[in-house]
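Report on the following structure.
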Amino acid sequence: MADLLNIGSTGLLAFQRSIATTSHNISNSTTEGYTRQRVELSAQTPFFNGSGFEGAGVNVASVRRLYDEYINSEVTSNLSSYKQQETLSGLASQLDGFLADPNVGVSPVLQNFFKALQDVSTDPSSTSSRQVVLSQAETLARVMNDTVTRLDTLSSGVNFDINSNIEEINSLARAIADVNEDILSTGGSSAAFQPNDLLDQRDILVKQLSEFVDLNTIIQDNGGMNVFIGKGQALVVGAQYQQLGTLSSEFDATRLEVGLVTGNTMNNISSQITGGKLGALLSFRNDMLDPSYQEIGRVALTLAVDVNTLHQNGLDLNGELGGNFFSDITSTGIVNSAQNNVATNLDVTVDVSDSTLIYASEYLLSYDGTNYSLRRQLDDVLVGTAASIAALSTAVSPTEGFALTLNSGSATAGDKFIISTVRTAAKDIDVVLSQTDKLALASPLRMSRSASNTGTALISSDQLVSRNGNTLPAAPITFTFDGTNAYDIAVGGVPTGGSITYNPATDSGTTYQYTVAGLGDYEFTIKGTPGAGDVFTLDVNTNGIGDNRNTLSLIDLQQQRRVANSSANYQDAYAQLVSSIGSQTQSANFSRNVSEALYNRSIEARESISGVNLDEEAADLIRYQQAYEAVARIITTADELFDTLLNAVR
């Protein structure tokens, strides 16, 4: 009887546990992250009764989670990728939206500026047309300023989101460590009876953490979990966790980086962060936002330099030489690293020497105690090394388009500095000209053909091409053909002894350049056959209010390849930026859709194994209930047999 009672009691306990577990599954059928559990039964060890082995009942071997570690890791990995692409897509769409806006973007106002120049070229003395030029220039500068303001807003948003994401990561890291501690306190290393609901809770926290950063997990022998983020940085080790924080960038106090708190110090680990929302924020800033600052700045700088140069070569309505049209944004300084030696006091000025060579990049200037080195950040190319700033300037100016001037101070070994020629250019550009009569649309000089000339030679394409002084010639400059192969030069009727060689048979159509003392280089083209004694006169363009030659030179800038080492015009350069951002936005949108599909597929795979199926659970509940009732009948039978035995011996 005792054997029947023992067998029946083990069955009652086993199926009671099965019913309880099934009920637990049903109750948590809608609980996020819950993993279906199943009672594993095994026969108890039989015993020998003299005539053979006899069964001893059933044993609850374990309550196991229906869990696939590989699929679960796929869920967290795909979720991290999905959240990264979703965040990147949203930020990229914002950036692409205003850069490519046909109504308020840089491209349309740039076109309007040059159209205004084309309109004024037909009537250079028109005050209203001149005012339109100034108005369109002001609009162009304002749109560039506003574009940078929008970039600044996006940058501030990235900083805010980095802060909030780090707070979430720290909270989740703390929670995972706490659950680890709870699991360890239950003897979580036991393979038979693990704290399933605590394991689910930990998995949910890890899944939530994967939304913010890419991660890897390792289960220790004692049941604890180690969590590594990004490129292998330990965040949680058993019941211990590390905190993340924010610190200012080495060269920009307004730019937040991700730091790892170690004691009283914080180390920058931004370069180690990948995946998730936080990885997307850093990727967006590095790959899209920073290049936008640089490219727009390069367009603004090159435009300002070119327009200013040509405007200075012109003559205004008052007969005065032109000044700057836009603000001078060609000179900057260097930015010290926050980690530099406190004694460092290096003061260097950076001046643009050739805007066509300027890269859309910052430069890292470093000093090792012996030499200064300059590395272009865009492509990580070392562009020059020298023992002094002056020598370094000589080495890099021909290729990078800027010169370095040491004003004072010195550097200490290990010091680093950032040079940025274009990052703030679009923010700083402004129209400094405010009066319409100050628009220098005419050429300051004009070259005329004497009415008594007998030959067919003509002058064309004459203009001031470079200016190095502020003095207009006090007397006419004449070029008199000597009847053979040269024009003799005289100033105010006094021969200078100089001449220009011109052979009508071979030199017709040749462009010449003559340096006007105190003013600059004047360029002109001679065509045809002059007669002996024929004269061309170069003189001040007095009352040249209808002259539009400098206007035409300004208009020509629109189509000239003045940007990116003379490979693109202004609009092409800006269009390339818009195209690049647009392409990256499309890629992010596509990747978001793909990663979302992969994530949903991995969730479906997990649910097929770990999810609760109410139909199956209901069937199991009925089956376990029937088994329980059958086992109870064993107890009843044993009781009846025992009573019969007692009655037989009374």
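Derivation of every value follows stated rules applied to the coordinates shown; laboratory data play no part. What you see is a predicted model; the values in this text were computed from it and never measured. Because the Cβ atoms are built from the backbone with ideal geometry, glycine has one as well, and the counts that use them run over all protein chains shown.
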5 angstrom amide H check on Leu378, placed H, neighbours 5+ away: Glu362
Pick out, from Ala564, Thr510, Gly498, the residue whose Cα sits farthest towards the positive end of the charge dipole of the stretch 490-589, with +1 on the Cβ of Lys and Arg and -1 on the Cβ of Asp and Glu. Ala564
Check cross-link reach from Lys427 to the aspartates and glutamates: straight Cα distance under 17 Å, and skip same-chain residues fewer than eight apart. Glu138, Asp146, Asp152, Asp252, Asp290, Glu295, Asp328, Glu362
Of the residues Ser388, Gly455, Asn485, the Cα lying farthest along the dipole of the stretch 384-514 towards its positive end, which is defined by charges on the beta carbon of Lys, Arg, Asp and Glu, belongs to Ser388
What label, among (1) 225; (2) 161; (3) 192, belongs to volume of the Cα convex hull per residue in Å³ computed from the structure on display? (1)
Relative to the chain, whose Cα atoms define the longest principal axis, helix 106-121 and its Cα axis are tilted in degrees, nearest 10, by 10 degrees
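How big is the convex hull of the Cα atoms of the stretch 477-601, per residue, in Å³? Mind showing how you got there, number by number?
Values: hull volume 23.4 nm³, N = 125.
Hull volume normalised by residue count: 187 Å³.
Quick one: which of 113-121, 126-134, 299-307 comes out on top by average Cβ neighbours within 10 Å, and what's the full order, highest first? Before the final figure, lay out each step's value.
Numbers: 113-121: 19.7, 126-134: 17.4, 299-307: 25.1.
The most tightly packed comes first, giving 299-307, 113-121, 126-134.
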Provide the per-residue ³J(HN,Hα) series for the stretch 218-223, in order, calculated from phi with Karplus coefficients 6.51, -1.76, 1.60 and θ = phi - 60°, each as a whole number of Hz, with x at glycine and proline positions. 9, 8, 7, 4, 8, x
Amide H of Val432 versus every other amide H placed in the peptide plane: which residues, excluding those fewer than 5 positions away on the same chain, fall under 5 Å? Phe326, Ser327
Once both label points are put 7 Å beyond Cα along the C-beta direction, the Asp123-Ser164 separation in nm becomes 5.6 nm
Provide the per-residue ³J(HN,Hα) series for the stretch 272-277, in order, calculated from phi with Karplus coefficients 6.51, -1.76, 1.60 and θ = phi - 60°, each as a whole number of Hz, with x at glycine and proline positions. 8, 8, 9, x, x, 5
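Please give me, ordered by residue number, the GluC sites (Glu not before Pro) of the stretch 577-650 that lie in loop per DSSP and have at most 14 other Cβ atoms within 10 Å.
Numbers: sites: Glu596, Glu604, Glu607, Glu616, Glu617, Glu629, Glu640; in loops: none.
Nothing satisfies the criteria.
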Interchain or long-range residues, amide H under 5 Å from Thr510's placed H: Ile526
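Using the scaling law 2.2 N^0.38 Å as the reference, what is the normalised Cα Rg of the stretch 394-544?
Values: Rg = 22.4 Å, N = 151, 2.2 N^0.38 = 14.8 Å.
The reported ratio for this selection is 1.52.
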So what J values fall out for the stretch 405-416 if you push phi through Karplus, 6.51 cos²θ - 1.76 cosθ + 1.60 with θ = phi - 60°, rounded to Hz, Gly and Pro as x? 10, 7, 8, 5, x, 8, 10, 10, 3, x, 5, 9
Tell me the relative contact order for the stretch 445-540 as a rounded percent, counting alpha carbon contacts under 8 Å between residues six or more apart. 45 percent
Rounded to the nearest 20 debye, what is the charge dipole size of the stretch 445-540 about its Cα centre when +1 sits on each Lys and Arg Cβ and -1 on each Asp and Glu Cβ? 160 debye
Along the positive direction of the dipole of the chain (beta-carbon charges: Lys, Arg +1; Asp, Glu -1; about the Cα centre), which of Ser373, Gln85, Leu247 reaches farthest? Ser373
Compute the whole-percent fraction of alpha carbon pairs in the stretch 330-423 spaced more than 24 Å apart. 11 percent
